[in-house]
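Following: one structure in structure tokens, then a few remarks.
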Amino acid sequence: MKDSSFTLLIKIKQKKMKNRIVFFIFCLIAINSSAQNTFFKWYPTEKQEFINNINEVLNGCYIISGGQLDTNSFTRQAYLLKIDSLGNRIMETVHNENDSNSIYLVAFFLPNETNIINFIKIKENNINSDKFSSMYFEKINTETLDIISFKEFHAPINQSYIPQQICITDSLILTHSVISELLSNSYSGTIVNSYNFNFDSVSTYKTANTVPVGFVLDSSSRTIKSFTANGRVNIMNLNYNLDVIDSTSLPMQISPFANVSSVSTNKYVICEHEGYTSLFPLQHIKVILCRNLDAVIDTVEYWNHPDSILYPGLNVNSAFINNEIFITGLYKSNLSEFPYQTTPSYIQITRIDTNMNIIDHHFYGGDAVYYPFKIMATSDGGAIVTGLRYDHTNPSIKRLHPFALKVNNEGLVVAGIEDEFNPISHSAIVFPNPGKDVLNLTSGIQLNNGVFTLFDMQGRPVIAQKINSTEMQIDASNLASGTYVWQIILNNKIVEKGKWVKK
């Protein structure tokens, strides 16, 4: 009797344990399959911001960083904006530096630090005819945005070291900076600095007549690669002491808009702005996949409409997410009018697989001018982009403000779209709008083989055309002036729609 009772008790416990395991697995599946937060928001103030960075902190929040213009002293002051996981503004702060300019440029986290984010800030002063620049390492409390501590490093008189990227090793902080000549407003070289975790300087390496475009860490070999440009790609292999191991150059031209990102332990991609070639029009994006042996594996180039301009993002323009490469770009931008462009632009996000096949293009904006500065992978498997937004419809107020674009692992915003004919997320763009005799259609590659149909306001189809290219020109000269509705059907499903006005 005791044995049978004991056996029954064991069976009951085993059943309970099995149920707990099933429940635990179910919870894991539910967590992994839960919807990711997505949003597209901007944050106007009474002043003007200069934004170049975003970082994720605890509780799914983000800190946007850069500088803010003090309209009284006309100096730029270091600026931080904290938003929650839904993109709502939590708090902001300005860390004033009297009679000087300052801006946060890069941010990083150190091991075993909680509620602390580290920033590198540049501060510049004018004394008589000389200019002085300092680089500050600051520890910031992520809850309050207060400065906990800082350490200052001076650059030579009339020079500034402007950090572009950073790598963290097991014991060192490595910065990759451009050397700026303050009197001539020109760049004269690249400098690599190493610091320990107490922010004490350890070693330095400089190259002249170059611009830094990439910084890749190979922790297995305890080396770093410094990518610079002076018309082509120069790669300097350094050890952690910043001694030169070897150097090489890739047989290609490269622009200062280039950015280098690690794809795996032995591969990296270079995303850059490409000019005219025999196969492509002006101003488009080129992505180059390379091995750590500095050999080019493959490349892909893409563009939208031949009469428009597509630049890569202005700082960190690529990120490796879920075995895919996310590229952010500026579509329909005119940098000759930077930053107060008179026509609207789009943020473009393109996904590419590791075989360099384009998966899709998505476009965000079209209501203002956007300058994406950084794209970053997020802990939920998506990506977030930040940069500057300018309201071109109100040219009397020339102010730039931060925006944040959070997409899921498909590059999509799936919430907050209220107007079905003017969504903030686009897979296709019809322009000019209003237009006249020609309707231009730019669409993501994922819409190829879909059917574009234009309807009059009585619902009658007046134009129907199969999509066989990412850019198409459609003759609308026979149409009467008025408002039309368009849609794209792919696989028996409406995947995009909007309105178009003919003058």
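The values are calculated or read from the model by the stated rules, or taken from the named source; none is laboratory data. None of these values were measured; they are calculated from a predicted model. Here Cβ is always computed from backbone atoms with ideal geometry, including for glycine, and neighbour counts include all displayed protein chains. The accessibility values were calculated without ligands, DNA or RNA, using every heavy atom of the protein model including side chains. Shrake-Rupley method; radii C 1.70, N 1.55, O 1.52, S 1.80 Å.
When the Cα positions of Ser345, Ile327, Pro312 are compared along the charge dipole of segment 293-373, Ser345 comes out farthest toward the positive end, with charges on each C-beta of Lys, Arg, Asp and Glu. Can you tell me which aspartates and glutamates have their Cα less than 16 Å from the Cα of Lys466? Leave out same-chain residues fewer than eight positions away. Within reach: Asp475, Glu496.
Only helical runs count toward this figure. For the chain, summing -39,500 (n - 2.57) over DSSP H runs of n ≥ 4 and dividing by all residues gives -2500 deg cm²/dmol at 222 nm.
Backbone phi angles across segment 463-480, fed through the Karplus curve with coefficients 6.51, -1.76 and 1.60 (θ = phi - 60°), yield HN-Hα couplings of 9, 9, 8, 6, 8, 10, 7, 6, 9, 9, 10, 10, 6, 10, 5, 7, 7, 6 Hz in residue order; Gly and Pro are listed as x. Specify which residue in the list Val216, Asn230, Tyr195 is farthest towards the positive end of the charge dipole of segment 133-277, using unit charges on the beta carbon of Lys, Arg (+1) and Asp, Glu (-1), about the Cα centre. Checked the options; the winner is Asn230.
Using unit Cβ charges (K, R positive; D, E negative) and no other charged atoms, how large, in debye to the nearest 20, is the dipole of segment 54-209 about its Cα centre?
Numbers: 9 positive and 16 negative charges, 52 e Å.
Result for segment 54-209 is approximately 260 debye, rounded to the nearest 20.
Semi-axis lengths, largest first, of the ellipsoid equivalent to the chain are 38, 35, 25 Å, with √(5λ) applied to each eigenvalue of the Cα gyration tensor. When the C-alpha to C-alpha distance is required to be over 21 Å, the pairs from Lys374/Lys499; Lys41/Lys286; Lys41/Lys82; Lys286/Lys332 that qualify are Lys374/Lys499; Lys41/Lys286. Quick one: grab the alpha carbon gyration tensor of segment 291-409, order the square roots of its eigenvalues as a ≥ b ≥ c, and give me rounded if a/c is under 1.5, else prolate or oblate depending on whether a/b is larger than b/c. Note, shape of segment 291-409 comes out prolate.
Going by a ≥ b ≥ c, the root eigenvalues of the Cα gyration tensor, does segment 50-136 fall in the rounded group (a/c under 1.5), the prolate group (a/b larger than b/c) or the oblate group? Verdict is oblate for segment 50-136. Report the local net charge at Thr144: Lys and Arg +1, Asp and Glu -1, summed over other residues whose C-beta lies under 13 Å from its C-beta. Here the charged neighbours net out to -1.
Within the shell of other residues whose beta carbon sits under 12 angstrom from the beta carbon of Trp500, the net charge comes to +4, with Lys and Arg scored +1 and Asp and Glu -1. Calculated accessible area for segment 153-223 comes out at 42 Å² per residue, all protein chains present (probe 1.4 Å; ligands, DNA, RNA ignored). Report, in whole Å, the centroid distance computed from the Cα atoms of segment 434-450 and segment 212-237. Taking the Cα centre of each part, segment 434-450 and segment 212-237 sit 40 Å apart.
When Tyr346, Tyr331 are compared by accessible area of protein heavy atoms, the largest-first order is Tyr346, Tyr331, using a 1.4 Å probe.
Quick one: putting +1 on the C-beta of Lys and Arg, -1 on the C-beta of Asp and Glu, what dipole do you get for segment 184-311 around its Cα centre, in Debye to the nearest 20?
160 debye
Per residue, the solvent-accessible area of segment 377-476 (1.4 Å probe, heavy atoms of protein chains only, all protein chains present) comes to 44 Å². A 1.4 Å probe run over the protein chains yields, for segment 28-150, 46 Å² of accessible area per residue, whole-number rounding.
Within the shell defined by Cβ-Cβ distances under 15 Å, the residues around Asp353 carry a net charge of -2, with Lys and Arg each +1 and Asp and Glu each -1. As an equivalent ellipsoid, segment 132-172 spans semi-axes of 22, 16, 9 angstrom, where each value is the square root of five times an eigenvalue of the C-alpha gyration tensor, largest first.
Amide H contacts of Thr223 (H built 1.01 Å from N, in plane; Pro and chain starts excluded): Asp218 sit under 5 Å, all sequence-distant by 5 or more or on other chains. Within the straight-line cut-off of under 19 Å between alpha carbons, the aspartates and glutamates reachable from Lys225 are Asp170, Asp243, Asp246, Glu272, Asp294, sequence neighbours fewer than 8 places apart in one chain being disregarded. In whole Å, what is the distance between the alpha-carbon centres of segment 138-190 and segment 454-503? Measuring centre to centre over Cα atoms gives 51 Å. Proximity of backbone amide H atoms, modeled 1.01 Å from N, is registered between Gly189 and Ile179, Asn209, Thr210 at under 5 Å, excluding neighbours fewer than 5 places apart on the same chain. Taking all protein chains in place and a 1.4 Å probe, what share, in percent, of the accessible surface of the chain do carbon and sulfur account for? Of all accessible area on the chain, carbon and sulfur atoms account for 52 percent. Cross-link partners for Lys497 among the aspartates and glutamates, with Cα-Cα distance under 15 Å and sequence neighbours closer than 8 places in the same chain left out: Glu418, Asp419, Glu420, Asp456.
Please say if segment 213-337 is rounded, prolate or oblate, where rounded means a/c under 1.5 for a ≥ b ≥ c the square roots of the C-alpha gyration tensor eigenvalues, and otherwise the choice is prolate for a/b larger than b/c and oblate otherwise? In terms of gyration-tensor shape, prolate. Note on the chain: with charges restricted to the Cβ of Lys and Arg (+1) and Asp and Glu (-1), its dipole about the Cα centre is near 1460 debye.
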